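Down below is the structure, laid out as structure tokens.
What follows is calculated from the coordinates using simple rules that are stated; it is not laboratory data. Note that the structure is predicted; figures quoted are calculated from it, not measured. Here the Cβ is made from the backbone with ideal geometry for all residues, glycine too, and neighbour counts use every protein chain on show.
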Amino acid sequence: MRTALVVVALWGAHAFGDQKVTFALHDRVPLVANKVGPYTNPSETYSYYSLPFCAPDEVAHQGHNLGEYLSGDRKVLTPYDLRFRTNVDWAALCDAELDQAQVQQLANAIEEDYFFEFFLDGLPLWGFVGDSDETDPILADVSGEARHTYLYKHLHFSIAHNNGNIVGVNLTTDASSRELLKTDDPSGMSITFSYSSEWHAVDTPWEDRMTTFDERHQLPTPLEVHWLSIINSLVLVVLLTACLAIILLRIVNHDFAIAGEMESGEAIEDEISWKLLHADVFRLPSGLNLLTAFVGAGSHLFATTLIIIVAAVTGIIHVSRRGAVISSLVVVYTLTTAIGGFVSARLYRKLRGDAGHSWAWNILLSILVFPAVIGTAFVAANSTAFAHGSSQAVPFGTILLVLGGFVVIGVPLGVVGGAVGRRTLPYKPPARPSARARAIPSPPIWHSFPVQLFLAGFLPFSAISIELHFLFAAVWGHKVYTLFGILLIVFTLLTVVCASIVVGLVYFQLASEDYRWWWRSFLCGGMVGVFIFAYAVFFYHGHTDMTGLLQASFFFGYMASVAAAFFLMFGAVGFTAAFAFVHTIYGLSKSE
């Protein structure tokens, strides 16, 4: 218990965001540098002082919350002497004596469009290290013409203040004072780095400063486009709900029992076919332990995702605060592990009854299945980052903190949830399975399993594809995504669409006299995750300029983890909807 409290306290210390700081006239305002890296590769970042910039005599590292560590932030103090409400026309930062290798290092960074990231009182700033002339590098190699690179050696800070607080800041580079890098000079170069600053008063309160920042760094997309995505999803929901209602009305129609009075012979066949499976439809599938564990893991992920989105919509999580969403994800996922254990053990107990010691494996599977996936992706990406010397490599202490928190808090909570879930009565199906399994006829091509999988993935994906593009563009494009209200609507519609499609597909499967709906309902529900990963591959090659092993390991590793999360979440949604549907229709059939 004491260890768990220590871990929670450490998490709390890591989760604190920026605190309001009031400055007096001429107080020094620390400028913090974070990282540098190619603009086109958001996951390929390095320590700011990996480039030969002006550094203090002793580099002082700043504190980070959990999400910042996991995001690759590595903040250090810079020697910029910015004073509150004190304008500076020009000031020298340092006179740097660079050897030829350092000059070449800066030139290579500029050729790769390196940018840097600063923080002033918690507000982020970005700028490019330099630029190059318009000569295409390939044409320059062919013609023999030299391609020139220029270093931005002067930075200008425009800072807004209100009642002793910093409420806005803008960084510009002075192209007129850029320095031509002479990479062919063996003696190196002497460069004077400088800066200037101007302060101006505004009426923006400190509490609204991040709102202004968000508006400046959101995707330049009209809000109407997002609503168009929602309308597209709503139309699909209405159509699917109408189809589902028609199916249910046919089932409860008392006249279907009088086959001679039915006009459609095909309708009679469908009505009768699914009823013929009453002695097989509740026959337990193979791999029940694994299936119920997947459903439990998916329910856990679904609850975590819903909590995070609702917390972001209601303002409990400040999405603009650095690392807040990632910190919250880690904490909420760990603290809700009991949900997965409860759902998995309860479902397994209901279907299997007294299964001896198998319930323990069932609970552990539900707890560990997704951490195993994301852990594999993390190890691959983190190892690649270490090999490249990237700041994205998570420190060993942070890894121990996250892993220790999950082992000390998450796993016991999952076991407790599983123990509670086991205290349930066995499931009593409307019809008992027969001793001998019924033969399954060959289905028509439009009822085949591959066609069902495609429809089950394509239709839900089409309902979220527009918003998914904006989300990808923000996460992998240095933008801020704040439309969590729209994201909540889209997530809700996706849930309804997925459940409706799986129910419809299960009905047609039963009408084809195929009673193997257990695993198929889960796989059909989870197919949206497969389509999301396929879209991620398309997005990487068609909408980004990302290159290199380091960036690819992060992009595909974490996109595979996201796809696996959606596979488990909506597999659980599909299975739950199908289970309720099958129980309902055969219960009604029994009563009639």
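Rounded to the nearest 0.05, the FRET efficiency derived from the C-beta distance between LEU284 and HIS543 at R0 = 35 Å is 0.20. Cβ distances below 4.7 Å define possible disulfide partners, and in the chain the cysteines left without one are CYS243, CYS498, CYS524. When ASP73, ASP81, ASP184 are arranged by Cβ crowding within 10 Å, least crowded first, meaning fewest neighbours, the order is ASP184, ASP81, ASP73. Stretching ALA60 away from LEU276 to a fully extended chain increases their span by 70.3 nm, per 0.36 nm per residue minus the current alpha-carbon distance. Sorted ascending by nearby beta carbons within 10 Å, beginning with the fewest, LYS275, LYS182 become LYS182, LYS275. Each residue in GLU111, GLU467 was given a count of other beta-carbon atoms within 10 angstrom of its own, and listing them fewest first yields GLU111, GLU467. Using the Cβ-Cβ distance between SER187 and ALA387 with R0 set to 45 Å, the FRET efficiency from 1/(1 + (r/R0)^6) comes to roughly 0.85.
Annotation: peptides 549-555, 26-32, 565-571, ranked by per-residue average of other Cβ atoms within 10 Å with the highest first, follow the order 565-571, 549-555, 26-32.
Counted over the stretch 21-217, the DSSP beta bridges are approximately 85% antiparallel. Packing here is the average count of other Cβ atoms within 10 Å per residue, and on that basis the peptides 375-388, 152-165, highest first, run 152-165, 375-388. On a 0 to 90 degree scale, rounded to 10, what angle separates helix 265-275 from the longest Cα axis of the chain? Approximately 80 degrees, to the nearest ten.
Averaging the sequence gap over all C-alpha pairs within less than 8 Å and six or more residues apart, then dividing by the number of residues, gives the chain a relative contact order of 18 percent. Using the average count of surrounding beta-carbon atoms within 10 Å as a protection proxy, the listed peptides 172-181, 488-497 rank, highest first, as 488-497, 172-181. Loop-only check: which chymotrypsin sites (Phe, Trp or Tyr not before Pro) in the stretch 405-457 are DSSP coil with at most 10 other Cβ within 10 angstrom? In loop regions of the stretch 405-457 (DSSP not H, G, I, E or B), there are no sparsely surrounded chymotrypsin sites (Phe, Trp or Tyr not before Pro). Kindly state, to the nearest 0.05, the FRET efficiency for SER196 paired with ASP133, given R0 = 25 Å and r defined as their beta-carbon distance. E(calc), rounded to 0.05, equals 0.45. Working note: 222 nm ellipticity from helices only, DSSP H runs with n ≥ 4, each -39,500 (n - 2.57), summed and divided by the residues of the chain, gives -18500 deg cm²/dmol to the nearest 500.
For Rg/Rh (Cα atoms, Kirkwood Rh), one of [x] 1.17; [y] 1.07; [z] 1.11 was computed from the structure I shared and the rest are decoys. Which label? The value computed from this structure is option [y]. For the chain, the longest principal axis of the alpha carbon atoms and the long axis of helix 288-314 meet at an angle near 50°.
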